[in-house]
Amino acid sequence: MTEDVRLHHRSCPFCEAACGIRVQADHGSRTILGVRGDPEDPFSRSFICPKSYGLTQLHSDPDRLRRPVRRRGKDWEEMGWDEAMDEAADRLGTLLKTHGPNSIAYYLGNPSGHKAPFLLYGPLLIRALQTNQFYTPGTLDQIPKYVSASYMFGGPTIQPLADLDRTSYLIVIGNNPVVSQGSMMVAPGMKRRLEDIRKRGGRVVVIDPRRTETAQIADEYIAVRPGTDAYLLFAMVDVLARE
């Protein structure tokens, strides 16, 4: 490292795993030179997925906005932050009064979905807008987890996590954590963690209609017909209750 080139320890913002990363930055040219996994991070243990490397392109993107902009005809003009906040508040208020709360839609996605301010104040903004128009890519793969957590624990973000580092028998149903990097399990380096279970003498069982990448490294793969999950789970509960 030099006076201009410095090493920063950060967390990747692109999913809830928040892997530890080392960012090499040139402060003279305000560019990111490289992103690597942090071997000293006790959780991710130097693992990062390809998304973290994208931070370099994201930071240096020539189209990246660094100040608020306002549209004037076909052109865009920069404006100050205070002015932008005031204008946003005024226009949102006008929309609410003129067209009602459902004329406004709220969108939540990466990486803002894993930023503390958005997690803390996003629900307050949604309640203030009183809109039912809420959109997120989480509807594709996370909403059942949020609903079940709300019923069982009282809130969508109160998520139980599998203790993969100490488990001896893991059943994966309809999930492909080797590819999804353990999303919603908060488990960086999922393939390595599954291999560690087997090295400890444990077993990994995958239940899925498709022979996924996770199924290929499992001890046992059970192919079920799509739509028969409930029958399989009730049968398992029946065996547990009887035996």
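If you scan the range 1-55, which residues turn out to be touching an Asp or Glu at 6+ places or on another chain (Cβ under 8 Å) and either under 21 Å from residue 179 (Cβ atoms) or among the charged types (D, E, K, R) (or both)? Residues satisfying the conditions are 4, 19, 21, 22, 26, 44, 46.
Here residue 193 passes the criteria (1) in a strand (DSSP E or B); (2) touching a Leu at 6+ places or on another chain (Cβ under 6 Å); (3) not polar (S, T, N, Q) except the one numbered (1). Checked across the range 217-227, the condition of being assigned to a strand (DSSP E or B), touching a Lys or Arg at 6+ places or on another chain (Cβ under 8 Å) and without any contact (Cβ under 8 Å) to a residue 40 or more places away in the chain holds for at least one residue. In the range 176-198, the qualifying residues are those that are crowded, with 19+ Cβ neighbours inside 10 Å and free of Cβ contacts under 8 Å to residues at least 40 places away in the same chain, and the one that is nearest to the chain's Cα centre (by Cα) is 185. Only a single criterion out of (1) among the hydroxyl-bearing types (Ser, Thr, Tyr); (2) more than 22 Å from residue 208 (Cα to Cα); (3) within 17 Å of the chain's Cα centre (by Cα); (4) outside any loop (DSSP other than H, G, I, E, B) is not satisfied by residue 157, namely (4). Here residue 113 passes the criteria (1) modelled with pLDDT of 90 or more; (2) closer than 29 Å to residue 186 by Cβ except the one numbered (1). Pairing each residue of the range 127-139 that is of a type in the set (A, V, I, L, M) with any residue that is surrounded by 12 or more Cβ atoms within 10 Å (Cβ to Cβ), provided the two are 6+ apart or on different chains, yields C-beta distances under 8 Å for 129/92; 129/96; 129/101; 129/104; 129/106. Within the range 164-181, take every residue that is in contact with a strand residue (DSSP E or B) (Cβ under 8 Å, 6 or more places away or on another chain) and of a type in the set (A, V, I, L, M) and give me the one that is farthest from residue 216 (Cα to Cα). The qualifying residue farthest from residue 216 (Cα to Cα) is 164.
The values are calculated or read from the model by the stated rules, or taken from the named source; none is laboratory data. Everything numeric here is computed off the predicted structure, so don't read it as measured data. Ideal geometry is used to build each Cβ from the backbone, glycine not excepted, and the neighbour counts take in all protein chains shown.
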